[in-house]
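Every number in this text was worked out from the coordinates using simple rules, so none of it is lab data. From a predicted model like this one, the values you see are computed outputs, not experimental measurements. Cβ placement follows ideal geometry from the backbone for every residue including glycine, while neighbour counts extend to all protein chains displayed.
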Amino acid sequence: MWGLTTPWWSTVMNTPERFYCREGRTSLDGPTCFFLQVTTNLLTRGGKDIAFCDFSPLWKFHRRLVHNSFTLFGEGTSRLQDIVLSAVDGLCVELLSGGRRGFDPSPAVTRAVTNVVCTLVFSATYRHGDAELQEVMRYNDGIVQTIARGGLVDIYPWMKVFPNQTLRKLKESIRIRDQLLTRKLEEHKASLSDGDPHDLLDALLKGQTGGGRGQKSPGWEGAGITDDHVLMTAAEAFGAGVETTSTTLLWILAYLLHHPEVQERVQKELDEQVGGERAVSVSDRGRLPYLDCVINEGMRIRPVSPVLIPHMAMKDSSIGGHAVRRGTRVLVNMWSIHHDPRHWDKPDLFNPDRFLDDQGQRVTPSCFLPFGAGPRVCVGESLARLELFLFLSSLLQRMSFRLPNGNAPPNLQGRLGVVLQPLPYKVIVTPRPGWEGGAK
Ligand code: PLO
């Protein structure tokens, strides 16, 4: 069905179809996906994660565990806000010290988001230039560069017997990741105590033993959660948290460079609703509808995941009027859903106002699904939304972004790997009044 020279998902993306189905293996044992099978199996130790793993009662329990531990830091608690705001301060200082010359904001943004996720997953906060942080960023980049580039290996698993540089790089990045995370896991096991978990690793370890109540009771669901599951989940939460949030922020900044009037309108809203005397906080969210629309429009026009990771039909079923047999892999074409001219007026235009109604109230169109939907909807959605809000509002409160003189605006085509990333671009940042140092 798909050509061999172009990546399979770019072929899918460039069509108006909303779903693609591929029948193949009918056995529900073993790995779900034929396409990403080789690389994601390496990445997840054969599906001991949440995103790529097959549906099973254990998966359901495992996912619930992760979800519950996210709510520990999530909305309603100030913990996440404190963690994000401290990363925001660091990011603002770094961006403002970039000087008047144009520079690529991507390393600083990625570093700040990585720091937030490191705190959530294993309670580590790093200073700029920390060797462990560099290591984490390097292995992650190694995985991002290789995971979706397996090319033919992902289409023909038997090709893995041939030497393949991409696969070698992926394996090496995974080895470094596993070494680091195993160390963190051992440290967490040694310091695990009663009381509230400090981070995701703690929460998963407690989940294994039934809330840290000592002895595993017979029949306890968490008994199926092995150390491998804990490790793979931490690795995945980490990877998903970093790649998606930093990419979304970079897309939004790229669009703001194309639309300075949108940036000004967000800043006007911030000035009126928050002012420049204090940092933005989660409680300001309700008062900043336009900012929310900008975030939504960024996620609509450039979904980080234009073709969702494959899903598999658990039983004979149907989708959009097509019969789907048990065992069929289904790809959801989010790109076409987010660019469907029947639902979006001028879908290629960056227009945050489409998320406001005539009365200026926020609306969420049913065709807007940046986090997917259903039982496999993104488990980190509320964390992600909170982070995007705090990062973007703080950045635009404290500084303005513009193009370096003579530079063309960023390329908006992007590069399709495991996520759809913008190509590197340069910015000039200038502090807004009162924020010359980046933080207060
Ligand atoms: C990003 C690189 C990490 O090192 C490993 C990783 C784990 C989970 C993946 C993520 C990567 C990319 C974005 C993915 C996420 C699971 C769900 C998310 C694919 C490969 C999306 C957007 O579907």
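Straight-line reach from Lys315: taking Cα to Cα under 28 Å and skipping same-chain neighbours fewer than 8 places apart, the lysines in range are Lys48, Lys60. Over all other residues within a Cβ to Cβ distance under 10 Å of Lys440, the charged ones net out to 0, with Lys and Arg as +1 and Asp and Glu as -1. Taking 7 Å steps out from each Cα toward its Cβ at Leu349 and Asp227 produces label points 5.8 nm apart. Go ahead and set up a Gaussian network model of the chain, Cα springs under 10 Å, then flag whichever of Leu72, Leu388, Leu349 fluctuates most. The residue that fluctuates most here is Leu349.
Note on the chain: with a GNM built from Cα contacts shorter than 10 Å, the maximum mean-square fluctuation among Ser97, Ser283, Ser69 falls on Ser283. Think of it as helices only: each DSSP H run of n ≥ 4 in the chain is worth -39500 (n - 2.57), and spread over all residues that comes to -15500 deg cm²/dmol at 222 nm.
Packing here is the average count of other Cβ atoms within 10 Å per residue, and on that basis the peptides 393-402, 46-55, 357-366, highest first, run 393-402, 46-55, 357-366. Computed extension length for Arg325-Asn405: 23.2 nm, one decimal, from 0.36 nm per residue of separation with the Cα-Cα distance subtracted. Span-like helix check, the chain: qualifying full DSSP H segments, with Cα axial length of 15 Å or more and mean Kyte-Doolittle of 0.5 or more, are 78-96, 106-122, 227-258, 381-398. List the lysines whose Cα lies under 30 Å from the Cα of Lys440, skipping any in the same chain that are fewer than 8 positions away. Lys440 reaches Lys268, Lys426. At 0.36 nm per residue, minus the direct Cα-Cα distance, what do His258 and Asp194 gain on full extension? Give it in nm, one decimal, please. Full extension of this stretch gives 17.9 nm more.
Net length available on complete extension from Arg278 to Arg127 is 52.0 nm, with 0.36 nm assigned per residue and the Cα-Cα distance removed.
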